[in-house]
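Any read-out appearing in this document is the output of simple, stated calculations on the displayed coordinates, not a laboratory observation. No experiment lies behind these values; they were computed from the predicted model shown. Here the Cβ positions follow ideal geometry from the backbone for every residue, glycine too, while neighbour counts run over all protein chains shown.
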């Protein structure tokens, strides 16, 4: 993945989690991600939060940051 695609992936994951957190008072919300690591991503799209060595990608850290900010 290129640095630009990693950044876009991080922004996308962050936006999803932020939106879910904003909606939490309106009812039950859920988020399910399949194949959170790149080796198990469908069609090798590299959409996981972890790279092929199971190291966190920028998207992982973006999700973590969104969750931490929601706690405040």
Within the range 43-72, the residues whose backbone N lies under 12 Å from a label point placed 7 Å from the Cα of residue 34 along the Cα-to-Cβ direction are 43
Taking the alpha-carbon centre of each part, the distance from the range 1-15 to the range 22-69 in Å is 11 Å
By Cβ neighbour count within 10 Å, fewest first, 17, 28 rank 28, 17
Longest principal axis of the chain (C-alpha) makes with the long axis of helix 58-70 (C-alpha) an angle, in degrees to the nearest 10, of 10 degrees
Rounded to the nearest 10 degrees, the helix 3-22 long axis (Cα) sits at an angle to the longest Cα principal axis of the chain of 20 degrees
With label points set 7 Å from each Cα along the Cα-to-Cβ direction at residue 6 and residue 26, the distance between them in nm comes to 3.5 nm
Per residue convex hull volume, Cα only, the range 31-72, in Å³ is 61 Å³
Over the chain, the sum of -39500 (n - 2.57) across DSSP H runs of at least four, divided by residue number and rounded to 500 deg cm²/dmol, gives at 222 nm -15500 deg cm²/dmol
dims of the chain, Cα set, principal axes, largest to smallest, nearest Å -> 36, 21, 17
Protection proxy (average C-beta count within 10 Å per residue), highest first, orders 31-40, 6-15 as 6-15, 31-40
